[in-house]
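Step one of this worksheet: look at the structure below.
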Amino acid sequence: MATRVTKTFMQKWFPTETYPIFGIVGLAVGGATYYLWKLSQGPEVVWDRHGDWKPWDKVKQDQNLKFLSYNPDFWAARKKLASEKRVVDEI
């Protein structure tokens, strides 16, 4: 009885030809939602409005923030240059 009622209800409101459309649109909305969630969890997104909302200003010139560095010699040279005294600092 219940399947008969459901079947007639579905035939009245949703034709059989629309099922693939609903499936594709549902998949697209789900994918877009997942992608937006993934973007919102990135390191460059700041959700804290009361704390330091510009944490990128505290990054030093010789600081490597990348997870994987293909050129560690570059960062070692940067640290060496940053530790030396510069003429600009004495002024």
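Where a number appears in this text, it was derived from the coordinates with a stated rule and is not lab data. Note that the structure is predicted; figures quoted are calculated from it, not measured. Note that we place each Cβ from the backbone using ideal geometry, even for glycine, and neighbour counts take in every protein chain shown.
Working out 0.36 nm times the residue gap between Lys54 and Leu39, then minus their Cα-Cα distance, what length gain in nm do you get to one decimal? If you can, show how the numbers build up before the last one.
Details: separation 15, 0.36 × 15 = 5.40 nm, distance 1.82 nm.
Taking 0.36 nm per residue and subtracting the Cα distance, the gain is 3.6 nm.
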Apply the Karplus curve 6.51 cos²θ - 1.76 cosθ + 1.60, θ = phi - 60°, to the phi angles in region 66-75 and return the couplings in whole Hz, x for Gly and Pro. 7, 6, 10, 10, 8, 9, x, 5, 4, 6
How high is the FRET efficiency between Trp75 and Trp47 when r is their beta carbon distance and R₀ equals 25 Å, given to the nearest 0.05? 0.30
Using θ = phi - 60° and the Karplus curve 6.51 cos²θ - 1.76 cosθ + 1.60, what whole-Hz ³J(HN,Hα) does each residue of region 34-49 get, with Gly and Pro shown as x? 4, 5, 5, 5, 4, 5, 6, 9, x, x, 8, 9, 10, 9, 8, 8
What distance in nm separates the simple spin-label points at Trp13 and Gln63, each placed 7 Å from Cα in the Cβ direction? 5.5 nm
